[in-house]
1. Quick check: anything in region 27-41 modelled with pLDDT of 95 or more and in a loop (DSSP other than H, G, I, E, B)?
2. Does any residue in region 50-76 that is closer than 30 Å to SER89 by Cβ come within less than 7 Å, Cβ to Cβ, of a residue that is part of a helix (DSSP H, G or I) and of a type in the set (Lys, Arg) six or more places away or on a different chain, and which pairs are these?
3. It is to be established whether one or more residues within region 47-59 are closer than 21 Å to LEU135 by Cα and under 20 Å from the mean Cα position of the chain (by Cα).
4. Assess whether ALA82 counts as being in contact (Cβ under 8 Å) with a residue 24 or more places away in the chain, surrounded by 18 or more Cβ atoms within 10 Å (Cβ to Cβ) and assigned to a helix (DSSP H, G or I).
5. Can you tell me which residue in region 118-144 is modelled with the lowest pLDDT, limited to those that are part of a helix (DSSP H, G or I) and crowded, with 17+ Cβ neighbours inside 10 Å?
6. Of these, LYS98, LYS77, which one is of a type in the set (D, E, K, R), modelled with pLDDT of 95 or more and crowded, with 21+ Cβ neighbours inside 10 Å?
7. Residues being under 20 Å from ILE62 (Cβ atoms) and over 14 Å from the mean Cα position of the chain (by Cα): count how many of those fall in region 118-155.
8. Looking at region 103-123, I want the residues that are under 13 Å from ASP40 (Cβ atoms) and have a partner that is modelled with pLDDT under 95 and not aliphatic (A, V, I, L, M) with Cβ atoms under 9 Å, at least 6 apart or on another chain. Which pairs are those?
Amino acid sequence: MEKGFAGVMQTFDNTRPLVAAMAIGVARASLEELRTVLEDAGIVIDYDAPVNSLPHAAAEFIRLESDWEAAYQLTLKSGWMADNKVPNSMNASMAKAKAGRVGSDVTLKAVELAGALGYSERTLLEKWARDSKILDIFEGTQQIQQLIIARRHLDLTSAQLK
């Protein structure tokens, strides 16, 4: 039985980066659509200007993009580890936790920043915001991912840290 459970857990180590990749994909699509909406509204996203001098929507866009980049890098690393048979349990959970949260945060904020257009069916922003939530839950909730990360980081068993 224990070997069967270990096999299931290893499968999660291989599939969590895939779920993370889906979350960063929907977040990236939302960012690209939001960029178009903001630019059409005359909002310039200037990466060279101090954030405090930018319109709120542009500053938020840059913040969302930086969160997206962190999730993207974690996902790439955990996927690379899985592909190369490097133990990645902690990294896969870190990628899944970060990407799942970023996917939800980015898509919901994109709807908000796009205003009425974000809630309309003229863009896919509202659909992506609804769809992204499952990617935060699927393959383990935030709490499960954080528990796995803590166990790996502290080198504790499930009996020691529940």
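The values are calculated or read from the model by the stated rules, or taken from the named source; none is laboratory data. Treat the numbers as computed from the prediction; the structure is a model and nothing was measured. Counting neighbours? That spans all protein chains shown, and the Cβs are built from the backbone with ideal geometry, glycine included.
1. Filtering region 27-41 for residues modelled with pLDDT of 95 or more gives 27-41.
Narrowing the set further to residues that are in a loop (DSSP other than H, G, I, E, B) leaves 41.
Yes, some residue in region 27-41 is modelled with pLDDT of 95 or more and in a loop (DSSP other than H, G, I, E, B).
2. Filtered contacts from region 50-76: LEU64/LYS109; TRP68/ARG28; ALA70/LYS98; ALA71/LYS98; LEU74/LYS98.
3. Taking region 47-59 and keeping what is closer than 21 Å to LEU135 by Cα, we get none.
For region 47-59, residues closer than 21 Å to LEU135 by Cα and under 20 Å from the mean Cα position of the chain (by Cα): absent.
4. Details: in contact (Cβ under 8 Å) with a residue 24 or more places away in the chain: yes; surrounded by 18 or more Cβ atoms within 10 Å (Cβ to Cβ): yes; assigned to a helix (DSSP H, G or I): yes.
Yes: the conditions hold for ALA82.
5. Residues of region 118-144 part of a helix (DSSP H, G or I): 118-119, 125-137, 142-144.
From what's left, crowded, with 17+ Cβ neighbours inside 10 Å: 118, 125-126, 128-129, 132, 135-136.
Working: GLY118: 93, LEU125: 97, GLU126: 96, TRP128: 97, ALA129: 96, SER132: 94, LEU135: 91, ASP136: 86.
Of everything passing the filter in region 118-144, ASP136 is modelled with the lowest pLDDT.
6. Numbers: LYS77 fails: crowded, with 21+ Cβ neighbours inside 10 Å.
Residue meeting the stated conditions: LYS98.
7. 2
8. These pairs meet every condition: ALA114/SER120; ALA114/THR123; LEU117/THR123.
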